[in-house]
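*Asks:* Just passing along the structure, written as structure tokens.
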Amino acid sequence: MAKEKSYEYAKFAKIHPDVGRYTNLGFQAYVTLPSSKSLPQGGSYINTYCGMAGFECGISVKYRSDFMDSRTGTYQWHWFANGPEGQIDGPMCEYRDGEKVHIKLVRLENDHVQFIVDGDEKFTSKHAYGENTFKTDDTCARFIIGSEITRYPTLPSSLPQWNLSFSRLQISDMRYKKASGAWKDVNSANATARLSHTPVELTPPSPVNFNGVDDDLENGRFAVSMRV
């Protein structure tokens, strides 16, 4: 059965290596989670993850009861692995606001895809994913920061004011894996960061995109925050 189409009201920052964009074999980075955040309603989330070959694997927090940390009375973070083989969720509330976490998504020599968090293997694909599986901007090795407040079953005529906020979320020590197998540090000469939003058919109320951006790709760092 075909998946029903929906329209995310979301904002994104995406970092793509420009060198070897459609032949690179992995991406890794340290993520410093926001020290504070406000998730306004059910379903709203903040994700930060590596993507490749249809897989999206990283760290996430969501306004949902199973994300509530009884120790702090706040929604906290866990790792996730989404993709062609379904969704796998790590232990809830494993990571807290302000923590620094290392994530890595890599295509192995046997063409299987592996996700690693802080040096520990969390997921390895059952199937192999060849070169034709990462030949577009949406399937090549890259890094994404995303947040959503809601989604609609049909395209709305207009969008409400954005009401999700978070303090600085920083990506650092970014590296991508070249086709040769060598890891290369990300910098402003070999990668590009781009902001975007959905649904693309509508222009949301200001601010259209993340309104706190610190682009320091020259030194392998990129950070965003969102004020409302």
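The values are calculated or read from the model by the stated rules, or taken from the named source; none is laboratory data. What you are looking at is a predicted structure, and each value in this text was computed from that prediction instead of being measured. Cβ coordinates were reconstructed from backbone atoms using ideal geometry, including for glycine residues, and neighbour counts include every protein chain displayed.
*Asks:* Could you please let me know if residue 151 is in a strand (DSSP E or B), more than 17 Å from the chain's Cα centre (by Cα) and in contact (Cβ under 8 Å) with a residue 60 or more places away in the chain?
*Replies:* yes
*Asks:* Which members of segment 208-228 meet the condition of being surrounded by 15 or more Cβ atoms within 10 Å (Cβ to Cβ) and either in contact with a Cys (Cβ under 6 Å, 6 or more places away or on another chain) or more than 26 Å from residue 28 (Cβ to Cβ) (or both)?
*Replies:* Of everything in segment 208-228, just one residue is surrounded by 15 or more Cβ atoms within 10 Å (Cβ to Cβ) and either in contact with a Cys (Cβ under 6 Å, 6 or more places away or on another chain) or more than 26 Å from residue 28 (Cβ to Cβ) (or both), namely 211.
*Asks:* Of the residues 167, 196, which is assigned to a strand (DSSP E or B), crowded, with 16+ Cβ neighbours inside 10 Å and at pLDDT 95 or above?
*Replies:* Every option except 167 fails the conditions.
*Asks:* Sticking with this one: When the residues of segment 97-120 are filtered to those that are within 16 Å of residue 85 (Cβ to Cβ) and out of contact with any Gly (no Cβ under 7 Å at 6 or more places or on another chain), which remaining residue is surrounded by the fewest Cβ atoms within 10 Å (Cβ to Cβ)?
*Replies:* Looking at residues that are within 16 Å of residue 85 (Cβ to Cβ) and out of contact with any Gly (no Cβ under 7 Å at 6 or more places or on another chain), I get 110.
*Asks:* Those residues that are without any contact (Cβ under 8 Å) to a residue 40 or more places away in the chain, in contact with a Ser or Thr (Cβ under 9 Å, 6 or more places away or on another chain) and either crowded, with 17+ Cβ neighbours inside 10 Å or small (Gly, Ala, Ser) (or both), I need them from segment 76-96; list them, please.
*Replies:* Taking segment 76-96 first, the residues without any contact (Cβ under 8 Å) to a residue 40 or more places away in the chain are 76, 78, 80, 82, 86-94.
Next, only the ones that are in contact with a Ser or Thr (Cβ under 9 Å, 6 or more places away or on another chain) stay: 78, 80, 89, 93.
Within segment 76-96, 78, 80, 93 qualify.
*Asks:* Further, regarding this structure: Could you look through segment 199-228, keep only residues that are hydrophobic (A, V, I, L, M, F, W, C) and not in a loop (DSSP other than H, G, I, E, B), and pick out the one that is nearest to residue 162 (Cα to Cα)?
*Replies:* It comes out as 226.
Residues checked against (1) under 30 Å from residue 35 (Cβ atoms); (2) acidic (Asp, Glu); (3) modelled with pLDDT under 95:
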| residue | (1), (2), (3) |
| --- | --- |
| 96 | yes, no, no |
| 101 | yes, no, no |
| 105 | yes, no, no |
| 110 | no, no, no |
| 117 | yes, no, no |
| 122 | yes, no, no |
| 127 | no, no, no |
| 134 | no, no, yes |
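*Asks:* Taking segment 15-58, which residues are under 20 Å from residue 129 (Cβ atoms) and under 10 Å from the mean Cα position of the chain (by Cα)?
*Replies:* Matches in segment 15-58: 49, 50, 51, 56, 57, 58.
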